[in-house]
Structures are given as structure tokens and as C-alpha cells.
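The values are calculated or read from the model by the stated rules, or taken from the named source; none is laboratory data. It should be emphasised that the depicted structure is a prediction, and the values quoted were computed from it without experimental measurement. So basically every Cβ, Gly included, is an ideal-geometry build from the backbone, and we count neighbours across all protein chains shown.
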Amino acid sequence: MYIIRKIMEKKESETITENIFRSYYGADIFIEKSAIPKEFGFESKKGSGKDGYPDFFLDKENFVVIVEAKAKKQKDAENDAIFYMEHNQVDKDMLGIAVSGQTLEDLQVSYFKKYYGDEKASVLNVDKSLMSIENLAKIYKKSKFTETTTEEHLTKTLHALNKEFQNENIVRDTERSLFFSGLMIALKDKTFRSSYKNIQEPSEEESKSSNSKLLKAHILNESIVNAITRQLKSKINNLSKEYNWKDKFSFIKTIDYSLPKYKKLIKTIEENIFVPFENEEKQDILGRAYKIFLSKAGKVDNKNIIITPDHIKSLMVKLADLNIEDVVLDTCTGSGGFLMESMETLIKLASGNEDRIENIKEKQLIGFEIDSVLFALACSNMFLHGDGRTNLIYRSSILYDKHENIIDSDSKELYSFIKSKKPTKVIINPPYEDNKSIDFTIHAIKYLEPNGKLIIIMPTPTLTHNQNGATEKLLKMARLDFVIRMPEKLFTEQKRTVNTSIFGFTKTPHNQRDAVLFYNLEDDGFVSVQHKGRIDKNKDWSNKEQFILDCLRNKTEIKNLSEKRFIYKGGELNCAGFREKKNSHYEMVKIRDLFASPEKGSLASEQNDDSGEYDFITAASEWKKHSEYDHDCEALVYAVSASGSLGRTHYVNGKFIASNLCIILQAKNEKYPVNLKFYKYYLESIREQIRADLADGTSKLTINADDLMDYYIEYIPYGKQNEFYQKNIKQYESLEKQLLESKDKLVAELNSLDIQ
């Protein structure tokens with residue numbers, strides 16, 4: 001009786017383990033022991049030569065799964081799983097799962113693999129918890145097919161595809177990104193992926209029965225659209241404007257392309273992009289394609305669409321310091337890069353917990369996008385990355401007017417919906433034109449929960465432009481924690497020269513005693529290479545990124561790299577921060593305290609008249625001549641336009657006329673007397689500093705004259721200005737004059753030579 005009781009207890013306890021397994025996957029996923037077909041040839045563990053069977057079995061397209069469950073002894077479960085994996089007649093790859101335990105919380109799980117043709121099973125190193133069949137399939141693919149793609153290879157492939165599109169005129173410029181994303185989604189569909197190579201032209205009978213002439217690619221086009229529709233279905237937030245996936249991709253039905261070339265194109269995408277993507281799932285493939293495919297398209301001139309480079313996107317997500325509970329909002333989603341990066345980070349933090357992962361995808365990612373193409377790409381991107389489209393909204397995120405009123409009842413409902421999600425982190429790259437960045441910044445803060453974080457990349461002077469209104473309002477809601485200056489060439493792949501910075505805010509009022517850390521990332525180590533874009537030349541970005549993160553988290557000051565500054569001083573606001581020079585006690589004043597209101601130059605730079613007798617001062621280093629003048633005075637001529645000459649300062653005394661790319665500064669001669677020659681050299685010495693703080697624009701950089709006049713510089717006492725002029729500048733000018741005279745003499749001597 002004792003032996004029988006122990007056997008019964010053993011059966012009951014194994015039944016508990018099996019029931020936990022059944023409950024997790026559902027009753028109909030795995031085949032039970034008693035129903036496993038004999039043709040798989042599992043042998044008995046007793047060595048009797050008779051049939052034996054694992055506890056559970058699953059037959060998938062490319063692999064099978066073998067499961068062994070034990071009450072408590074995990075090692076026994078592992079040994080039995082390995083035995084069945086090595087003793088059978090299955091002609092596929094095999095995955096093994098060994099489980100033991102009496103509760104889901106205490107469950108021990110081990111995974112094994114054995115590829116067809118191998119003799120022995122080996123450990124599959126993954127999280128020691130149950131995972132969905134979908135995730136198990138992904139892990140199998142990554143383990144079996146190690147194909148991944150380098151950044152260089154991906155870029156090269158996308159450029160080649162773009163050239164193919166252009167040469168063959170397959171699809172319109174503005175639809176290329178959607179076409180590519182559609183093919184990527186279609187390849188997700190098993191039916192399409194296994195059948196597209198065998199699709200033929202419409203038969204003569206089909207063509208005759210049609211009301212219109214059928215394209216040779218008709219059946220393939222139909223198959224692509226149907227596959228997309230099956231995959232995407234209708235999943236879209238009901239607060240979005242009306243959106244139909246089938247309509248969005250219906251243009252594919254009109255593509256008239258040679259069937260063999262069409263299949264070859266799809267095969268290229270499948271082998272070089274889709275398979276590596278499936279195995280890695282890291283890169284913003286569609287965002288990258290969008291930038292490349294627009295390189296020859298008319299829409300490239302839309303300055304409101306600037307896609308964040310991958311390494312900066314990753315840095316910004318890391319700056320947000322995500323935790324497992326965070327709800328991430330992107331109010332101008334674009335192709336979905338920030339949300340995908342955030343989803344990847346949060347899923348890692350979930351450590352294989354499927355309930356957590358499902359919650360992340362369904363509830364912790366929110367995005368707005370108003371551009372229909374970008375919205376489709378964002379949804380497609382999220383779908384390709386494992387989904388997370390539930391809270392992607394096809395609407396503008398700007399729900400308040402300039403009077404702080406909710407625009408309409410629909411907007412009120414939408415605002416309430418977003419607030420109910422309790423966003424804790426916002427990561428965005430907003431539109432740069434028409435001063436929209438500040439509106440997006442303020443709205444983002446409104447959506448955030450108290451003490452939530454906003455990480456935003458936008459034109460560096462955004463806060464400076466709005467110091468007398470919107471910025472003050474923003475700082476009453478949020479503390480500015482840090483500013484990271486970006487390279488001007490960051491967006492050169494998109495034919496943009498933009499002076500941007502990453503700003504970090506916390507939703508709590510900015511105290512005037514709060515210091516802001518300013519970090520100079522003017523050199524990120526990336527260089528522009530033809531056909532490759534900007535690349536990490538020395539493969540040092542990972543180290544540089546970690547250094548930045550450590551520096552910001554610890555608020556570390558490093559000479560010429562990072563500096564703490566106060567943006568308030570004596571009640572005055574200076575969003576570039578008050579630079580306090582070490583061992584300097586000079587008063588910081590606005591440029592407008594030294595100079596009268598500036599006048600703009602009157603002539604275009606090419607309107608010179610070489611026969612004229614008056615100086616024509618342009619942004620260039622060399623002066624021109626003109627027959628007329630409109631100023632007769634001592635002044636500084638400061639270049640506020642012309643990107644290459646931006647911030648150049650000329651000193652002039654006499655009759656002159658100036659280019660309309662410049663402003664004319666005359667001394668006030670009141671409280672702060674100035675030696676104009678001294679301040680010409682002073683402004684030249686801080687030219688790059690001013691440029692970094694104030695230069696604005698999305699293609700050609702300019703300095704706003706009002707911002708310049710409000711810029712803080714040192715006021716050097718008048719006596720010291722004159723002393724410095726006499727001791728240093730005068731000597732320099734004398735040497736410069738001698739150099740020019742020597743140059744003229746040299747040229748004259750060369751011209752006088754009797755050269756045979």
C-alpha cells in the first residue's frame with residue numbers, strides 16, 4: 001500500500017506540472033503523449049525496442065518541439081527530453097523543453113536544440129522561463145540562421161534598390177517607402193513567402209474574362225496586397241482619423257513590372273534584408289529606407305520630416321532611463337524609431353515574462369503621427385518588430401490653441417485618453433519649421449505625469465527664440481536638466497545642415513538655483529562616406545555613448561566638453577546659460593547694452609561695382625567695391641547669414657555699403673563705452689560659441705538678429721579695451737599690413753621675371 005500511495009503521489013504531482021504547462025499554452029497547442037503519431041519513431045527509455053513518447057509534442061513547419069515534465073527533479077526532465085530528441089525518426093530540427101515544479105512561479109525550465117543531421121542535443125541558452133511559441137520560433141531562427149546584416153550592407157542594398165526603382169520607373173518616388181514596407185510585411189506572410197516564386201502571369205482565359213487589360217504582374221500584385229491585408233488586418237486606434245490599410249497599399253496593384261525581375265527584386269529583399277531583420281530585429285529598416293528612397297524625391301524638400309539617425313535615437317532612449325513600468329509617448333512618431341527602440345529596451349527588462357511583454361506592447365507605447373505615409377510606415381515598423389500598434393494614433397498631438405483652449409470635443413476625448421495612459425517618458429524629434437518645436441515641447445510636458453521625463457532633439461536656439469513667452473511658460477512646468485549639442489552634419493544624409501541639441505526635461509518647475517549641464521557632442525566620431533552615409537569610422541560610438549551617459553548622470557564637468565551653467569541670473573533668463581569664466585570678474589551684459597539697434601545691409605552680395613570707390617562689405621573675408629554708399633561712420637559689420645561665413649565680424653570706419661547678409665552695429669556710447677576694434681576681435685574669438693548657441697535653420701544656417709542682441713558677453717572696462725588694443729591689436733594689424741605688402745611685392749617680383 002505504501003508503494004502504491006507513493007506512485008499515486010508522484011502521478012498527481014507530475015499532473016500538476018503538466019497542467020501548469022497546458023494552462024500556459026492552451027489545451028490545443030501541443031499534442032498529448034497518447035496522441036503522438038507512431039511514424040515519428042520515438043523509442044522507449046527502457047531500451048526494450050518498443051515505442052516511447054514524450055509528454056507533449058508540437059509539429060511546426062521547420063521544427064518540432066519535444067516536452068518532458070517532472071514533479072520536482074529538473075535534471076530528470078532534462079535527461080528525458082534529451083533522450084527523446086536523440087532517439088527518434090523525425091526528419092526536422094528539434095527543440096526540447098524540460099519543466100519541473102508545482103507552481104508557475106517556482107517552475108524550472110530548460111531548453112535544448114538539435115538540428116537535423118546532428119547526433120547530439122545541446123543546450124539552448126535563453127531565459128529560464130516559459131515563452132510563447134512565437135518567441136521560441138524567433139529564438140530558433142536566430143540560433144539556426146545566424147544571418148544578420150551590417151549597417152554598411154543594409155545601406156548598400158537599399159541604395160541599390162532605390163537605383164533599381166529609378167532605372168525601371170517601377171513605382172513613384174513618394175510611394176517607394178510604402179512599396180518596400182509592403183513587401184517586407186508580405187514576406188512575413190508564410191503563404192506568400194512560400195508561393196511568390198511560383199506565381200505566373202494571368203492565363204489567356206483570365207485576361208479575356210477581365211473588364212480591363214491585366215498586367216503580367218497582376219497575380220503577384222494581388223498576392224502582395226492580400227498578404228499585407230492578412231498581416232495588418234484592421235488594427236488601428238479608434239481615436240484615429242479614418243484609415244484603410246488596403247487602400248493605403250492599393251497602388252501596388254498598378255505596378256507594371258517584368259515578372260522575372262519582380263520576383264528577383266523580392267528575393268533580393270528577402271535574402272538581404274528580411275531574413276537578417278527577422279534574426280536580429282534591431283534596426284529601423286523602414287526609417288532608413290524612407291531617408292534613402294526620398295533622396296531623389298520631391299518630398300525631400302519637406303523640412304518638417306527629419307529622421308533621427310540610429311545612434312542618436314539609441315542615445316536618446318538611453319537618456320530617458322527607462323524602467324519596466326514606464327509608459328513611453330512619442331508625439332510626432334515619424335517612422336516609429338523611438339517607440340521601437342523603447343519597446344526593445346522594455347522587453348529586455350521584462351526578462352522573458354510573457355505577460356509583461358504583452359502589456360508593454362498593448363499599453364506602454366503611445367504614438368501620434370499626422371503624415372499618412374509616415375503613419376503607415378510606423379505601424380508597419382511596429383508590426384515587423386513584433387507589434388505595438390495598439391496606441392498608434394493617426395492624428396496631430398497638438399490639441400491646444402494659442403489661448404490654451406482644447407481645440408474641439410474630439411481633441412478633449414483624445415487628450416483624456418492619453419492622460420489615462422499616464423505617460424512617464426516622452427522621446428521626440430518634432431518638426432523644426434515655423435517654430436513648431438516649442439509647441440511640441442510644451443504639449444509633451446502637459447501629457448507627462450509629474451516628475452516624468454522629456455528627451456527632445458530640436459534646433460539649439462528654440463528656447464532662446466521664445467525666452468519672452470513660451471520658454472518662461474515651459475520652465476514653470478519643467479526643469480531643464482541638460483543640453484547636448486549635436487554635430488551640424490548630423491542630418492547630412494537628408495541634405496540638411498541643422499544646428500540641433502538634445503534637451504532633457506523633468507516635469508517639475510525649474511528653480512532659478514538649478515544648474516544645467518551643457519555637453520558638447522559636436523564631434524560624434526561619425527564621418528560621411530559616399531554611398532554609406534555617416535559611419536562610425538573608428539568603431540568608438542559605444543564607448544563614447546557610455547561616457548556621455550555617465551557624465552550626465554553624475555553631472556560631471558570636463559574642460560571643453562561639459563559645463564554646469566545657470567540659465568537664470570539676477571532674474572534674467574539666458575537659455576544658452578551664463579558662462580562664468582574662471583578667475584574673471586567682468587560683468588556679463590547683452591550685446592544690445594553695447595550697441596544700438598542693428599541695421600540690415602541693403603545689397604545682395606553679387607551686386608558689386610568694381611569701378612566704384614566705396615567699400616562694399618559682404619559676409620566674405622575679402623571686401624568688394626561699389627559706386628554708392630549708405631553709411632559714413634565707425635561700425636562693426638556682422639554676418640548673420642551665409643552659413644560658411646556665419647558670425648564673421650568686420651571693422652569699418654568711413655563711407656561704405658553692406659550686404660543684406662549682414663547687420664551693422666554702432667556703439668551706443670552710453671553706460672558701456674566700447675572700442676570697436678577691440679570688440680571686433682572679441683566677437684571673432686567667440687564666433688564658434690555664438691554660432692553653436694544661436695545658428696538656426698534646416699538647410700541654410702542663420703543667426704537671428706534679435707537673439708544676437710540678447711546674447712550675453714563680457715563687458716571689458718573701457719580702459720582695459722584700449723590698453724589691449726595698444727598692446728596687442730595694433731601690433732597684430734601692423735604685422736598683417738607688412739604681410740600683405742610682402743605678398744604684393746612677391747607677386748610683383750614674380751611678374752617681372754623674364755621667364756623663357
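Quick notes on this structure:
- Inter-residue pairs, beta-carbon under 7 Å, first modelled with pLDDT of 85 or more and in the range 528-549, second among the aromatic types (F, W, Y), 6+ apart: I548/Y519
- Selected residue (only one of I703, I713 is more than 20 Å from S605 (Cβ to Cβ) and surrounded by 17 or more Cβ atoms within 10 Å (Cβ to Cβ)): I713
- Just one of (1) within 28 Å of S44 (Cα to Cα); (2) in a loop (DSSP other than H, G, I, E, B) fails for L104. It is (1).
- Selection within the range 412-439 - under 16 Å from L399 (Cβ atoms) and among the charged types (D, E, K, R): K412, E413, K419, K421, K436, D439
- Selection within the range 684-715 - assigned to a loop (DSSP other than H, G, I, E, B) and free of Cβ contacts under 8 Å to residues at least 60 places away in the same chain: I686
- Within the range 301-323, the set of residues being out of contact with any Ser or Thr (no Cβ under 7 Å at 6 or more places or on another chain) and either at pLDDT below 95 or not assigned by TED's automatic domain parsing to the domain that holds I393 (or both) comprises D301, N302, N304, I305, I306, T308, P309, D310, H311, I312, K313, S314.
- Among (1) exposed (fewer than 14 other Cβ atoms within 10 Å of the Cβ); (2) at pLDDT 75 or above; (3) in contact with a helix residue (DSSP H, G or I) (Cβ under 8 Å, 6 or more places away or on another chain) - the single one G117 does not satisfy: (3)
- Single condition S13 does not satisfy, out of (1) assigned to a loop (DSSP other than H, G, I, E, B); (2) surrounded by fewer than 18 Cβ atoms within 10 Å (Cβ to Cβ): (1)
- S234 falls short of the stated requirement of being closer than 28 Å to H385 by Cα, among the hydroxyl-bearing types (S, T, Y) and modelled with pLDDT of 85 or more.
- Among residues that are among the polar types (S, T, N, Q), farther than 29 Å from E39 by Cβ, in contact with a helix residue (DSSP H, G or I) (Cβ under 8 Å, 6 or more places away or on another chain) and without any contact (Cβ under 8 Å) to a residue 60 or more places away in the chain, Q74 is not included.
- Number of residues in the range 354-379 that are without any contact (Cβ under 8 Å) to a residue 60 or more places away in the chain, over 15 Å from P431 (Cα atoms), of a type outside the set (K, R) and surrounded by fewer than 19 Cβ atoms within 10 Å (Cβ to Cβ): the value is 4.
- Pick from the range 122-145, criterion out of contact with any Gly (no Cβ under 6 Å at 6 or more places or on another chain) and among the small types (G, A, S), ranking: farthest from E358 (Cα to Cα): S122
- Counted as qualifying within the range 181-284 are the helices (runs of 4 or more DSSP H) with 3 or more residues that are surrounded by 14 or more Cβ atoms within 10 Å (Cβ to Cβ), namely 218-232, 259-269, 275-280.
- Filter result (part of a helix (DSSP H, G or I), exposed (fewer than 13 other Cβ atoms within 10 Å of the Cβ) and within 42 Å of the chain's Cα centre (by Cα)) within the range 16-29: S23
- Condition met for I66 (aliphatic (A, V, I, L, M), closer than 27 Å to S143 by Cα and in a loop (DSSP other than H, G, I, E, B)): no
- Residue list for the range 578-625, filter: at pLDDT below 90, touching a strand residue (DSSP E or B) at 6+ places or on another chain (Cβ under 9 Å) and basic (K, R): R579, K581
- For E32: the one exception among (1) touching a strand residue (DSSP E or B) at 6+ places or on another chain (Cβ under 8 Å); (2) farther than 16 Å from V99 by Cβ; (3) of a type in the set (D, E, K, R); (4) surrounded by fewer than 18 Cβ atoms within 10 Å (Cβ to Cβ): (2)
- Among the conditions (1) closer than 30 Å to L104 by Cβ; (2) surrounded by fewer than 18 Cβ atoms within 10 Å (Cβ to Cβ); (3) not aromatic (F, W, Y), M131 misses just one, which is (2).
- Scope the range 18-51; condition touching a His at 6+ places or on another chain (Cβ under 9 Å) and either hydroxyl-bearing (S, T, Y) or at pLDDT 90 or above (or both); matching residues: G41, F42, E43, S44
- Residue that is farthest from K313 (Cα to Cα), among those in the range 448-462 that are at pLDDT 95 or above and touching a helix residue (DSSP H, G or I) at 6+ places or on another chain (Cβ under 7 Å): L454
- N466 passes every criterion in (1) surrounded by fewer than 21 Cβ atoms within 10 Å (Cβ to Cβ); (2) farther than 20 Å from I306 by Cα; (3) at pLDDT 90 or above apart from (3).
- Subset of the range 606-650 (residues that are under 37 Å from the mean Cα position of the chain (by Cα), crowded, with 17+ Cβ neighbours inside 10 Å and part of a loop (DSSP other than H, G, I, E, B)): A619, V640, S641, A642, L646, G647, R648
- Selection count, the range 30-63, where residues are outside any loop (DSSP other than H, G, I, E, B), closer than 19 Å to N19 by Cβ and of a type in the set (D, E, K, R): 2
- Taking the range 320-439 and the strands (runs of 3 or more DSSP E) fully enclosed by it, the elements with 2 or more residues that are β-branched (V, I, T) are at 425-428.
- Of the residues making up the range 440-465, those that are part of a loop (DSSP other than H, G, I, E, B) and either hydroxyl-bearing (S, T, Y) or farther than 19 Å from T497 by Cα (or both) number 6.
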